[in-house]
Structures are given as structure tokens and as C-alpha cells.
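The values are calculated or read from the model by the stated rules, or taken from the named source; none is laboratory data. These numbers were taken from a predicted model, which means no experiment stands behind them. FYI the Cβ positions are ideal-geometry reconstructions off the backbone, even for glycines, and counts take in every protein chain you see.
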Amino acid sequence: DSNAPLSQLIALISGETPPSTFKSRSVLYWMRMSDLRLRDNKALSRASQKAKEDKLPLIALFIISPQDYIAHDRGARKIDFLLRNLAALKESFSELNIPFHTASITPRKSIPSFVLSFCEKYGAGYLFANYEYELDELRRDIDVHACAAPKGIQVNFEHDQCIVEPGVLTTKQSNAYVVYSPYQRNWLATLNANLAYFLEDCPFPEANEESIRSLEPFSCLFETPVPSSLDGFQLTENDQEKMREVWPEGEKFAADVSSRVTQYDKARDRMDTDTTSRLSAYLSSGVISARECVRATMVLLKKNKVEGDRSSGVGRWIQELAWRDFYKNILTAFPRVSMGRPYLEKFSNVVWENHKVSGVGRAGTGDEDVDTLKKWKTGMTGVPIVDASMRCINAMGWVHNRGRMIAAMFLTKDLMIDWRVGERYFMEQLVDGDLSSNNGGWQWCASTGVDPCPYFRIFNPHNQSLKADPNGDFIRHWIPELHSLKGSDLHNPPRELADKLGYPQAIVSHNEARERALRRYRNPGAK
Ligand code: FAD
């Protein structure tokens with residue numbers, strides 16, 4: 001393991017750039033899937049400053065890359081959210097007289113050459129973009145740099161996704177942190193010691209002169225429409241309508257952080273109350289910047305430092321943002337985790353129940369296992385809190401963190417189905433699907449990741465249910481079959497009652513499943 005691709009790219013960028021021989025007629029900002037905003041956007045802000053200094057027009061580009069979406073298991077909801085935000089951005093850019101061009105490029109390996117010919121065609125001698133930390137994307141950007149340098153085109157990448165960028169925090173032995181608590185302590189201390197650097201406010205882009213609209217060749221760039229859907233990523237009309245209502249596009253919907261998090265310390269684990277920020281869709285697509293979230297909490301606490309105090313709602317919330325940085329740090333330091341490898345290799349031979357999902361885990365055999373997986377996916381396992389969580393994901397593209405943990409723990413420990421199968425399914429469904437957080441969450445639940453839940457601490461879903469949904473409102477909402485039940489009957493319906501209400505009986509006995517999981521984890525390779 002190494003953070004080779006990221007360090008390689010950083011080294012390339014920070015190396016001496018030969019004097020540009022390129023005759024610039026514009027500055028290009030290349031927007032990525034994780035920076036869908038104008039406000040507080042580092043690469044865009046830098047590009048705008050450069051354009052102003054050199055008195056050049058700023059132009060913007062977004063590349064739609066269906067092959068990348070497939071490779072990353074991105075689902076239709078995430079793509080719909082992307083396209084809706086792009087359409088809103090096109091309007092915002094247009095108000096600033098900045099042309100925003102979207103192009104769909106396949107195969108993805110041709111993206112670097114497309115970008116370079118775009119630069120040549122529109123005379124962009126300076127290219128600005130924010131880093132994307134996934135392996136394929138880092139390799140693509142290394143290629144972009146390699147193609148640009150000989151042409152004298154200057155390529156600039158900025159760290160924008162995290163509050164404290166990957167690679168900055170290391171242990172005393174200069175290794176990447178693999179335990180969260182010391183990482184989080186160092187994160188907070190480093191952040192506070194360098195507030196101006198990490199929370200740098202990036203100025204809003206300056207408008208181009210009105211005249212750019214009539215300038216050849218830029219005028220045609222204003223014309224490109226943003227597609228409203230992509231082949232292979234279509235939502236049903238119903239789903240599309242629901243997503244628009246629950247996750248509206250645009251920067252203004254993400255803006256009011258403060259009102260969302262004040263109860264966070266007390267009720268953040270309750271699935272029946274709306275006490276988390278529900279900002280993940282906006283954060284993972286960069287519709288709001290993580291820096292802005294931190295600044296908002298400082299305003300809220302009236303403090304001029306970042307307070308990660310567990311006893312306040314806001315302080316507790318800040319720590320969740322550190323988890324996000326932590327998992328991005330893990331992704332860049334140990335890229336193998338995103339290639340289907342467990343971080344803890346000792347668990348790579350854990351025997352999973354067979355399933356017919358190609359390319360993941362062990363080859364499948366029995367049809368009944370596919371059926372088990374289907375029951376988990378559709379919320380028909382007979383364990384109400386698991387089913388309610390899965391039905392919530394299927395309907396909204398989102399569920400509370402506790403619901404994700406319970407459903408993921410159930411799949412991996414009670415059903416002994418490979419965590420990679422669940423990881424993929426979540427990515428396909430979630431509107432906030434993010435490789436590093438999703439992989440981190442799954443490997444935590446499967447006990448294979450960095451600082452994971454120990455394999456012997458297996459959630460009892462019924463006890464979890466009582467804590468996370470004490471009045472049963474969450475379960476009743478998502479499982480109308482159980483609407484008439486209360487108390488323990490609701491959390492763990494007796495057989496006869498379940499039959500009568502048309503709700504399935506539990507597909508496994510938790511106690512037996514627990515024994516099987518312990519046996520297989522204790523002795524990887526054994527049945
Ligand atoms: P809040 O509780 O308000 O937290 C604020 C923000 O902090 C979140 O929006 C998110 O950006 C970040 N955050 C919170 N908890 C975590 C965490 N445990 N790990 C990383 N970041 C965190 N989060 C995603 O953004 N995308 C995913 O694909 C994703 N998959 C997950 C899969 C599993 C199995 C698990 C257990 C967790 C996953 N998470 C994922 C983390 C977490 O569940 C969500 O970020 C959170 O539920 C989003 O709701 P919120 O915005 O109301 O969060």
C-alpha cells in the first residue's frame with residue numbers, strides 16, 4: 001500500500017512548470033462530480049482569479065462519463081441529482097456570462113485527450129480542477145498532466161473536498177492513521193492551529209464581460225444543454241418526482257446548516273426523529289463545501305476556533321465531518337480498500353454464504369441464497385428494523401446512519417453475505433453514494449476495515465431497534481403491515497402475528513447466525 005497515485009500527482013503539480021509557450025485566450029475550470037457549486041469552490045475561485053489577472057475569459061467544462069459511473073456503481077438517483085444540479089449550475093454560470101459546457105465522453109480513457117483538445121480549441125492555457133481521490137480518477141489526472149505539459153498548458157489541482165486534506169495528518173511514525181480517535185484529536189488540533197489555511201474562504205467567481213457571449217468560438221459553448229437523463233440511469237417518473245421533492249437541487253437548499261444540528265448530541269442515534277443534518281447528498285456531490293459547514297458551526301457557537309466538544313450538538317456534529325475526512329484519508333493511503341480488498345487482510349478468507357453476484361466474493365451456487373439477498377434488498381427479512389431501513393433506502397436513496405449500520409451488520413453477520421455485495425447495493429441506491437464513506441461504513445460493519453467494529457460485537461437487531469426507534473414510529477412508517485403493533489411485538493413480531501399481518505417471519509435466528517459468524521471470523525477459511 002502507498003498513497004502513490006496521489007503523491008505522484010501532487011509531485012507533478014508542484015514541480016517546476018516549464019514557461020508556457022501556449023498562447024492563452026481563456027482559463028478553464030473543469031468541474032468534477034464532487035464540486036457542484038459556485039460558492040467556496042477552490043479550483044473555480046483560483047481559475048477566476050487567474051482569468052481576472054490575465055484579463056482572459058473564464059470558461060467551464062463538465063465531463064459526463066457513464067463508464068466511470070458504472071465502474072463506481074453509481075446509481076440512477078445519484079446521476080439524477082448530478083444532472084439536476086448541473087442544470088442549475090448552467091443557469092448560475094450563465095448569469096455570470098461564463099459558458100458552461102457539458103460533454104458526455106466514452107470510453108473514459110479518452111477523457112485526457114478530449115480535455116487537451118478542448119484546451120487547444122478554446123485556447124485555454126490554464127486548467128484548474130479540484131482533486132478527486134479515487135484511484136481511476138487520480139490516474140486519469142496524471143495522464144492529463146502528462147499530455148498538457150508538453151503543450152505548455154498549465155494544469156492546477158486543488159484540494160477542496162475535505163476540511164483537512166488527505167496526507168496531511170500522520171502518526172508520529174509518519175504513517176497514515178488507521179485508528180479514528182487519535183486521528184480526530186490531531187485533526188482538530190491541526191485545524192485550529194491552521195484555521196486560515198484549512199478554512200480559507202474562496203471568493204465567488206467573477207463575471208466575464210458580457211461580450212464573451214458573442215465572441216467566437218465561446219458563444220457556441222453557451223448553447224450546450226445539460227441532458228435530463230442518461231441511458232442506463234433512468235428513474236421512474238414517480239421516483240424522479242420524489243427525489244426532486246426530498247433532495248432539491250441547488251446551492252441554496254444546502255445553505256442553512258445551523259438549524260439542522262443543534263439537537264445532534266442528544267438524539268443523533270434516533271431513527272424516528274429528524275435530528276441529523278441530511279446534508280450527505282449535498283456534501284458528497286459538493287453542492288455545499290465542508291469548509292462552509294465548519295464555518296457555520298463556528299458562527300453558531302460564537303467561537304473563533306473549531307469546537308469538537310462532545311457535549312454540544314454542534315461539537316458532536318463536527319466530529320462526523322472528521323469521519324468523512326478520515327475515510328478519504330484511508331482511501332488515498334490504502335487504495336486497495338476501494339478495489340474490493342478488506343483492509344484487514346486476515347479476514348480476506350472469511351467464508352461467505354454463496355451468492356450469484358459476478359465479480360464479487362466467491363462464486364455462487366444456490367438459488368436460495370440469491371433469494372436471501374433479494375429479501376434483504378427489498379426489506380422482507382422479517383426483522384422489522386432491517387426491513388424498515390432497507391425500504392427507506394429504496395424509497396429515499398438515504399437512511400439514517402444507524403439504519404445503515406444495522407442493515408449492513410445484518411447482511412454480513414446474520415446472513416453471512418459478503419460485504420462487497422452490500423457495498424455495491426448501497427452505492428446503487430444512495431443519493432449520497434460516496435466511495436470512501438460507503439466503503440468505510442461497510443468495512444466497519446463487516447469488521448474488516450480500519451478501526452472496525454470488533455467481529456465479536458455483533459449487533460442484536462432487536463435491541464438496536466428498541467434503542468433507535470423506541471416508539472416504533474420509524475418501523476410503522478416504512479412497514480405498513482405492522483401498523484397495528486406496539487412494543488416488543490413491533491420490534492420482533494411473534495410468528496402467528498406476523499403470519500396474520502402478511503409480514504414474513506425472520507429468515508434467520510439471530511442467536512444461531514451469531515454463532516456461525518463468530519466461528520467463521522475466529523477461524524477464517526473454516527465453514
Ligand atoms: P449527519 O449525521 O448530519 O453528519 C454530517 C455529515 O458528516 C454527513 O452528511 C456526512 O458527510 C458526514 N458523516 C457522518 N457520518 C459519517 C460516517 N460514519 N462516515 C463518513 N462520513 C460521515 N455517507 C455518505 O456520505 N455516503 C455513503 O455512501 C455512505 N455510506 C455508508 C454506508 C454504511 C454501511 C454506513 C454505516 C455509513 C455510510 N455513510 C455514508 C455514513 C453516514 O451514514 C452518512 O453520511 C449519514 O447517515 C448521512 O446523513 P446526514 O447527512 O444526516 O449525517
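Which one of these does LYS109 not meet: (1) closer than 25 Å to SER219 by Cβ; (2) free of Cβ contacts under 8 Å to residues at least 40 places away in the same chain?
Status for LYS109: all satisfied but (1).
Pairs please, first residue from segment 511-527 and under 19 Å from PRO461 (Cα atoms) and touching a residue at least 24 places away in the same chain (Cβ under 8 Å), second anywhere and of a type in the set (D, E, K, R) and surrounded by 14 or more Cβ atoms within 10 Å (Cβ to Cβ), Cβ atoms under 6 Å, 6+ apart in sequence or on different chains.
That search, which allows pairs on different chains as well, returns ALA513/ASP414; ALA517/LYS413.
Out of everything in segment 67-86 that is in a helix (DSSP H, G or I) and within 13 Å of GLN429 (Cβ to Cβ), what residue ends up being nearest to the chain's Cα centre (by Cα)?
Looking at the filtered set, the residue picked out is LYS78.
Looking at segment 304-319, which of its residues are at pLDDT 85 or above and of a type in the set (D, E, K, R)?
Once the filter is applied, which keeps residues that are at pLDDT 85 or above and of a type in the set (D, E, K, R), segment 304-319 yields only LYS305.
Residues that are near the ligand (Cβ under 9 Å from one of its atoms) and not hydrophobic (A, V, I, L, M, F, W, C): list the helices (runs of 4 or more DSSP H) wholly contained in segment 280-342 that include at least 1 such residues.
280-284, 313-333
Checking ARG260 against (1) of a type in the set (Lys, Arg); (2) modelled with pLDDT of 85 or more; (3) within 11 Å of the ligand (Cβ to nearest atom), only one condition comes out false. Which one?
If we test ARG260 against (1) of a type in the set (Lys, Arg); (2) modelled with pLDDT of 85 or more; (3) within 11 Å of the ligand (Cβ to nearest atom), just (2) comes out false.
When segment 21-44 is examined, which residues are found to be surrounded by fewer than 23 Cβ atoms within 10 Å (Cβ to Cβ) and either part of a strand (DSSP E or B) or polar (S, T, N, Q) (or both)?
Passing the criteria: THR21, SER24, SER34.
Output the number of the condition that TYR282 fails; it satisfies all remaining conditions of (1) hydroxyl-bearing (Ser, Thr, Tyr); (2) at pLDDT below 90; (3) in contact with a helix residue (DSSP H, G or I) (Cβ under 9 Å, 6 or more places away or on another chain).
(2)
Could you list, in sequence order, the residues of segment 169-226 that are of a type in the set (Gly, Ala, Ser) and assigned to a loop (DSSP other than H, G, I, E, B)?
SER174, ALA207, listed by residue number.
Residue-by-condition table, conditions (1) touching a Ser or Thr at 6+ places or on another chain (Cβ under 6 Å); (2) within 12 Å of PRO384 (Cα to Cα):
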{"residue": "CYS453", "(1), (2)": "yes, no"}
{"residue": "ILE458", "(1), (2)": "no, no"}
{"residue": "GLN464", "(1), (2)": "no, yes"}
{"residue": "ASP469", "(1), (2)": "no, yes"}
{"residue": "ILE475", "(1), (2)": "no, yes"}
{"residue": "PRO480", "(1), (2)": "no, yes"}
{"residue": "SER488", "(1), (2)": "no, yes"}
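Which residues, taken from segment 201-247, are polar (S, T, N, Q) and closer than 30 Å to GLN49 by Cβ?
Hits for segment 201-247 are ASN208, SER211, SER214, SER219, THR224.
When residues of segment 71-91 are filtered for being surrounded by fewer than 23 Cβ atoms within 10 Å (Cβ to Cβ) and without any contact (Cβ under 8 Å) to a residue 60 or more places away in the chain, how many remain?
Number satisfying all stated conditions: 1.
Going by the structure shown, is ILE458 touching a helix residue (DSSP H, G or I) at 6+ places or on another chain (Cβ under 9 Å) and under 24 Å from ALA395 (Cα atoms)?
It is false that ILE458 is touching a helix residue (DSSP H, G or I) at 6+ places or on another chain (Cβ under 9 Å) and under 24 Å from ALA395 (Cα atoms).
Taking only segment 45-55 into account, find how many residues are touching a strand residue (DSSP E or B) at 6+ places or on another chain (Cβ under 9 Å) and either buried (at least 21 other Cβ atoms within 10 Å of the Cβ) or among the basic types (Lys, Arg) (or both).
Selection size over segment 45-55: 7.
Starting from residues that are of a type in the set (Val, Ile, Thr) and assigned to a helix (DSSP H, G or I), keep the ones in segment 108-153 and report whichever is surrounded by the most Cβ atoms within 10 Å (Cβ to Cβ).
Among them, the one singled out is VAL115.
Do any helices (runs of 4 or more DSSP H) entirely within segment 378-481 hold 2 or more residues that are in contact with a Phe, Trp or Tyr (Cβ under 7 Å, 6 or more places away or on another chain) and more than 11 Å from the ligand (Cβ to nearest atom), and if so, which?
384-396
Which ones in segment 343-377 are at pLDDT 60 or above, under 17 Å from SER447 (Cα atoms) and in a loop (DSSP other than H, G, I, E, B)?
TYR343, LEU344, SER348, ASN349, VAL350, VAL351, TRP352, GLU353 - these are the residues of segment 343-377 that are at pLDDT 60 or above, under 17 Å from SER447 (Cα atoms) and in a loop (DSSP other than H, G, I, E, B).
Do we have any residue at all in segment 233-249 that's farther than 16 Å from LEU83 by Cα, surrounded by fewer than 18 Cβ atoms within 10 Å (Cβ to Cβ) and at pLDDT below 90?
The answer is no; no qualifying residue exists.
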